[in-house]
Amino acid sequence: MKSDKNIVLIGMMGSGKSSIGKILSKKLKLTFVDIDQKIEEFEGLQILEIFKKKGENYFRKIEEKISLKFLSSENSVISLGGGGFINVSIRKMCEKNCLSIWLDWKNETIINRIYKSKKRPLAMKLTKGQINDLIKERSKFYSLADQRINCDKLDKVEIINKILDIHENK
Ligand code: S3P
(Lines give C-alpha, C1' and ligand atoms only; values in the text may rest on other atoms or scores of the structure.)
Protein backbone atom coordinates (compact mmCIF):
# COMPACT_ATOMS: atom_id res chain seq x y z
CA MET A 1 0.00 0.00 0.00
CA LYS A 2 1.25 3.43 -0.90
CA SER A 3 1.93 5.92 1.89
CA ASP A 4 -0.01 9.18 1.53
CA LYS A 5 2.35 11.04 3.85
CA ASN A 6 4.89 13.57 2.65
CA ILE A 7 8.34 12.18 2.09
CA VAL A 8 11.01 14.12 3.97
CA LEU A 9 14.67 13.57 3.16
CA ILE A 10 17.08 14.16 5.99
CA GLY A 11 20.83 13.94 6.50
CA MET A 12 24.01 15.96 6.46
CA MET A 13 24.83 18.74 4.04
CA GLY A 14 25.99 17.18 0.81
CA SER A 15 23.94 14.02 1.19
CA GLY A 16 21.97 14.68 -2.02
CA LYS A 17 18.62 15.53 -0.41
CA SER A 18 17.79 18.23 -2.96
CA SER A 19 18.94 16.54 -6.15
CA ILE A 20 17.37 13.21 -5.18
CA GLY A 21 14.21 14.90 -3.86
CA LYS A 22 13.70 16.76 -7.13
CA ILE A 23 13.81 13.60 -9.26
CA LEU A 24 11.73 11.64 -6.75
CA SER A 25 8.98 14.26 -6.72
CA LYS A 26 8.71 14.10 -10.52
CA LYS A 27 8.44 10.32 -10.45
CA LEU A 28 5.74 10.42 -7.79
CA LYS A 29 4.01 13.49 -9.26
CA LEU A 30 4.33 15.29 -5.94
CA THR A 31 5.43 18.86 -5.18
CA PHE A 32 9.11 19.31 -4.44
CA VAL A 33 9.99 21.61 -1.54
CA ASP A 34 13.57 22.59 -0.77
CA ILE A 35 13.49 24.16 2.69
CA ASP A 36 16.76 26.07 2.20
CA GLN A 37 15.34 27.60 -0.97
CA LYS A 38 12.10 28.55 0.81
CA ILE A 39 14.15 30.23 3.58
CA GLU A 40 16.14 32.18 0.99
CA GLU A 41 12.93 33.31 -0.75
CA PHE A 42 11.35 34.33 2.57
CA GLU A 43 14.39 36.32 3.68
CA GLY A 44 15.38 37.62 0.23
CA LEU A 45 18.93 36.55 1.12
CA GLN A 46 21.11 33.56 0.44
CA ILE A 47 21.71 31.18 3.37
CA LEU A 48 25.33 32.32 3.53
CA GLU A 49 24.20 35.95 3.88
CA ILE A 50 21.61 35.11 6.53
CA PHE A 51 24.32 33.43 8.63
CA LYS A 52 26.69 36.37 8.08
CA LYS A 53 24.26 39.23 8.67
CA LYS A 54 21.83 37.76 11.19
CA GLY A 55 23.61 34.80 12.79
CA GLU A 56 22.87 31.11 13.25
CA ASN A 57 20.25 31.56 16.01
CA TYR A 58 18.14 33.75 13.75
CA PHE A 59 18.56 31.25 10.91
CA ARG A 60 17.38 28.38 13.15
CA LYS A 61 14.21 30.29 14.12
CA ILE A 62 13.31 30.94 10.50
CA GLU A 63 14.25 27.37 9.61
CA GLU A 64 11.78 26.10 12.24
CA LYS A 65 8.97 28.35 11.05
CA ILE A 66 9.39 27.53 7.36
CA SER A 67 9.99 23.80 7.94
CA LEU A 68 6.86 23.41 10.11
CA LYS A 69 4.76 25.18 7.48
CA PHE A 70 5.81 22.89 4.65
CA LEU A 71 6.02 19.68 6.67
CA SER A 72 2.38 20.12 7.65
CA SER A 73 1.31 20.45 4.02
CA GLU A 74 0.40 17.47 1.80
CA ASN A 75 1.60 15.62 -1.27
CA SER A 76 5.18 16.84 -1.09
CA VAL A 77 8.70 15.58 -1.22
CA ILE A 78 10.65 17.80 1.18
CA SER A 79 14.38 18.31 1.41
CA LEU A 80 15.11 19.42 4.98
CA GLY A 81 18.21 21.47 5.86
CA GLY A 82 20.97 19.39 7.47
CA GLY A 83 20.27 20.85 10.92
CA GLY A 84 16.46 20.68 10.70
CA PHE A 85 15.91 17.23 12.19
CA ILE A 86 17.88 18.22 15.31
CA ASN A 87 15.04 20.57 16.26
CA VAL A 88 12.46 18.72 18.37
CA SER A 89 9.39 20.52 16.95
CA ILE A 90 10.50 19.84 13.39
CA ARG A 91 11.20 16.22 14.27
CA LYS A 92 7.76 15.80 15.85
CA MET A 93 6.07 17.26 12.79
CA CYS A 94 8.04 14.86 10.60
CA GLU A 95 6.90 11.98 12.79
CA LYS A 96 3.29 13.04 12.52
CA ASN A 97 2.96 13.96 8.90
CA CYS A 98 5.85 12.47 6.94
CA LEU A 99 7.75 9.39 5.99
CA SER A 100 11.31 10.40 6.98
CA ILE A 101 14.28 8.95 5.16
CA TRP A 102 17.90 9.45 6.22
CA LEU A 103 20.37 9.51 3.34
CA ASP A 104 23.40 8.17 5.15
CA TRP A 105 26.94 8.30 3.71
CA LYS A 106 30.34 7.58 5.14
CA ASN A 107 31.93 10.64 6.75
CA GLU A 108 34.69 10.93 4.17
CA THR A 109 32.20 11.39 1.33
CA ILE A 110 30.31 14.08 3.24
CA ILE A 111 33.51 15.91 4.22
CA ASN A 112 34.79 15.95 0.63
CA ARG A 113 31.49 17.30 -0.65
CA ILE A 114 31.27 19.96 2.04
CA TYR A 115 34.77 21.24 1.29
CA LYS A 116 33.96 21.48 -2.43
CA SER A 117 30.88 23.60 -1.77
CA LYS A 118 31.12 27.36 -1.27
CA LYS A 119 27.64 27.85 0.12
CA ARG A 120 27.73 25.96 3.41
CA PRO A 121 28.47 28.53 6.11
CA LEU A 122 28.28 26.16 9.04
CA ALA A 123 30.81 23.64 7.85
CA MET A 124 33.16 25.85 5.86
CA LYS A 125 35.05 26.95 8.93
CA LEU A 126 35.22 23.54 10.60
CA THR A 127 38.19 21.18 10.56
CA LYS A 128 37.84 17.60 9.39
CA GLY A 129 37.78 16.45 13.03
CA GLN A 130 35.05 18.93 13.91
CA ILE A 131 32.91 17.79 10.98
CA ASN A 132 33.39 14.18 12.11
CA ASP A 133 32.16 15.21 15.58
CA LEU A 134 29.20 17.05 14.08
CA ILE A 135 28.23 13.99 12.01
CA LYS A 136 28.51 11.77 15.09
CA GLU A 137 26.36 14.11 17.17
CA ARG A 138 23.73 14.57 14.47
CA SER A 139 23.58 10.88 13.58
CA LYS A 140 21.94 10.26 16.99
CA PHE A 141 19.00 12.32 15.73
CA TYR A 142 19.09 11.20 12.12
CA SER A 143 18.82 7.60 13.32
CA LEU A 144 15.33 8.45 14.63
CA ALA A 145 14.10 8.69 11.03
CA ASP A 146 11.60 6.10 9.83
CA GLN A 147 14.10 4.68 7.35
CA ARG A 148 17.82 4.87 6.75
CA ILE A 149 19.47 4.27 3.40
CA ASN A 150 23.15 3.45 3.38
CA CYS A 151 24.01 5.28 0.17
CA ASP A 152 27.73 4.49 -0.10
CA LYS A 153 27.54 1.74 -2.66
CA LEU A 154 24.52 3.03 -4.53
CA ASP A 155 24.20 5.38 -7.49
CA LYS A 156 21.50 8.03 -7.68
CA VAL A 157 19.03 5.83 -9.57
CA GLU A 158 19.45 3.02 -7.04
CA ILE A 159 18.88 5.40 -4.13
CA ILE A 160 15.72 6.73 -5.78
CA ASN A 161 14.47 3.21 -6.48
CA LYS A 162 15.03 2.28 -2.83
CA ILE A 163 12.96 5.26 -1.72
CA LEU A 164 10.20 4.40 -4.20
CA ASP A 165 10.19 0.88 -2.86
CA ILE A 166 9.96 2.04 0.75
CA HIS A 167 7.18 4.47 -0.16
CA GLU A 168 5.25 1.84 -2.11
CA ASN A 169 5.34 -0.67 0.74
CA LYS A 170 4.69 1.63 3.70
C1 S3P B 1 22.86 23.37 7.49
C2 S3P B 1 22.61 22.77 6.28
C3 S3P B 1 22.24 23.53 5.09
C4 S3P B 1 21.57 24.86 5.46
C5 S3P B 1 22.42 25.61 6.42
C6 S3P B 1 22.71 24.83 7.71
C7 S3P B 1 23.24 22.52 8.65
O8 S3P B 1 21.34 22.76 4.32
O9 S3P B 1 20.29 24.64 6.00
O10 S3P B 1 23.62 25.94 5.77
O11 S3P B 1 23.17 22.97 9.80
O12 S3P B 1 23.63 21.35 8.42
P13 S3P B 1 21.78 21.49 3.43
O14 S3P B 1 21.82 20.30 4.31
O15 S3P B 1 20.67 21.39 2.43
O16 S3P B 1 23.07 21.82 2.80
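The values are calculated or read from the model by the stated rules, or taken from the named source; none is laboratory data. Computed from a predicted structure; not experimentally measured. Virtual Cβ from ideal backbone geometry, glycine too; neighbours counted across all protein chains shown. What goes into the accessible areas is simple: the full protein's heavy atoms, side chains included, and nothing from ligands, DNA or RNA. Shrake-Rupley method; radii C 1.70, N 1.55, O 1.52, S 1.80 Å.
May I ask you to derive the relative contact order of the chain, considering only C-alpha pairs under 8 Å and at least 6 residues apart, and to give it as an integer percent? In percent, rounded to a whole number, it is 35. Here the average projected area of the convex hull drawn through the C-alpha atoms of the stretch 1-99 stands at 6.1 nm².
Accessible area per residue for the stretch 11-170, computed on protein heavy atoms with a 1.4 Å probe, is 55 Å².
Projecting the Cα atoms of Asn161, Phe141, Val8 onto the charge dipole of the chain, computed from C-beta unit charges around the Cα centre, puts Phe141 farthest toward the positive end. Estimated from the Cβ-Cβ distance and a Förster radius of 25 angstrom, the FRET efficiency linking Leu144 and Gln37 is about 0.50. Taking label points 7 Å from Cα along the Cα-to-Cβ direction, Lys27 and Gln46 give a separation of 3.1 nm.
Treating only the Cβ atoms of Lys and Arg (+1) and Asp and Glu (-1) as charged, compute the dipole magnitude of the chain about its Cα centre; round to the nearest 20 debye. Write out the running numbers ahead of the final one.
Numbers: 34 positive and 22 negative charges, 56 e Å.
Computed charge dipole of the chain: roughly 260 debye.
Against the compact-protein benchmark of 2.2 N^0.38 Å, the Cα-based radius of gyration of the chain scales to 0.98. Taking 26 Å as the limit for the C-alpha separation, the pairs Lys65/Lys128; Lys125/Lys156; Lys53/Lys116; Lys54/Lys118 exceed it in the case of Lys65/Lys128; Lys125/Lys156.
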